[in-house]
Structure formats: C-alpha cells, structure tokens
Amino acid sequence: VLSLLFLNAANAEASQKENRGWPTERFVEVNKTLEAWAQAWTRQDVNAFLGCYASDFVPKDGASRGTWKKQRTTNITIPSYVRVTLKAVDIELLSPDLARVRFTQVYRASNYSDVTRQIIVFHKDGSDWRIVRHSLAPNPDSPVFPEPVRPRTARDKASSISAEKSLTHTPTDSRISE
C-alpha cells in the first residue's frame with residue numbers, strides 16, 4: 001500500500017509538472033514561429049514568409065488569397081533591403097491550439113519605413129503554428145477605440161506572457177549599406 005502511495009504521488013507530481021510546463025512550450029513554439037515570419041520577411045524569402053500563413057488565412061481587406069499573395073510578393077521583393085524588428089511582444093494563449101500575439105513592428109526598407117502595433121492570431125496545425133488572422137492593432141490613445149479595454153484578470157495574467165524584448169532580424173546580405 002505504501003509503494004502505491006509513493007507511485008501515485010510521483011505520478012501526480014509528474015502530471016503537475018507537465019501541466020505547468022505546457023504553456024511555456026507553446027509560448028516558445030509561437031514565439032519561434034513569429035521570429036521565423038519576421039526573419040523570412042527580412043531575408044525577402046517569399047516562400048518561407050507565405051509558409052507562415054495557414055491555408056485558410058483570409059486577408060483582412062477582403063482581397064482574394066491570390067491577389068494578397070501577389071501583393072505580398074511584390075512588397076517583399078521590390079525593396080533592395082528589408083529590416084523587421086519586433087518589440088513589446090505579448091503572447092496570449094487562448095487555448096492549447098490558439099494564440100494571439102500583440103507587438104510593435106518596426107519596418108524599415110529601402111523604399112518605406114513605419115512603426116505599427118499589430119495583432120497576429122496563430123493556430124496550431126498539426127505540429128506547426130500558422131497565422132490565421134493578421135491585423136493592425138487599434139491605437140488605444142485614439143479617440144475612437146473599437147474594442148472595449150478591460151482590466152486584465154488574474155486568469156489572463158496566468159495565461160499570458162509578456163516579453164519586453166526586441167527581436168531584430170538583420171539580413172547578412174552585402175547589398176545593404178547604411
């Protein structure tokens with residue numbers, strides 16, 4: 001009987017460790033996918049960039065997927081260089097296979113630069129995370145803010161991770177000179 005108690009206690013402890021660890025693993029997976037997306041864009045690797053999007057991704061502007069792919073291909077390949085830096089990355093797990101990521105994107109290219117707040121929703125497709133929604137985040141300082149802002153609850157904090165870090169992806173392409 002005593003050995004069964006130790007066995008059950010060991011199983012319970014292992015299960016608790018596993019359950020505590022699952023969000024961390026998913027945060028890492030989602031963050032790696034986000035980084036791969038930014039790196040592909042910086043490398044101007046259209047296939048890798050588009051590969052980060054789910055097959056059922058629908059562009060926010062209502063364009064067909066074919067039109068969207070052509071626009072993205074042009075926007076990625078035309079500049080002589082691209083640098084994408086991600087700041088203030090906040091990953092929120094909505095479920096075991098769904099995550100929302102908010103971040104500030106600093107985009108610099110040979111022909112255009114801007115800084116925007118963005119939201120990407122990732123869905124786990126098999127063993128890979130893919131982008132299912134991508135949009136600009138509303139500015140909370142603007143007079144018209146479409147989403148109600150609610151205080152974060154303890155549950156939100158437990159299922160969310162914030163990283164005040166900067167993920168800079170600089171290509172090693174010798175064409176770049178500044």
Subject >> Filtered residue count, segment 30-57, keeping only those that are at pLDDT 95 or above and either of a type outside the set (A, V, I, L, M) or closer than 17 Å to Leu98 by Cα (or both) >> reply: 19
**OP:** Please enumerate the residues belonging to segment 40-49 that are part of a helix (DSSP H, G or I) and either among the hydroxyl-bearing types (Ser, Thr, Tyr) or crowded, with 18+ Cβ neighbours inside 10 Å (or both).
**Re:** Ala40, Trp41, Thr42, Phe49
**OP:** Please determine, by comparing only the residues of segment 106-123 that are over 20 Å from Arg43 (Cβ atoms) and open to solvent by less than 40 Å² (accessible area, probe 1.4 Å), which one is farthest from the chain's Cα centre (by Cα).
**Re:** Thr116
Subject >> Residue list for segment 67-105, filter: more than 19 Å from Val121 (Cβ to Cβ), of a type in the set (Ser, Thr, Tyr) and open to solvent by less than 40 Å² (accessible area, probe 1.4 Å) >> reply: Tyr81, Thr85
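The values are calculated or read from the model by the stated rules, or taken from the named source; none is laboratory data. Bear in mind that the values here come from a model prediction, so they are computed numbers and not experimental data. Positions of Cβ are generated from backbone atoms using ideal geometry, with glycine treated the same way; all protein chains shown enter the neighbour counts. The area values use the complete protein model at the heavy-atom level, side chains included, leaving out ligands, DNA and RNA. Shrake-Rupley method; radii C 1.70, N 1.55, O 1.52, S 1.80 Å.
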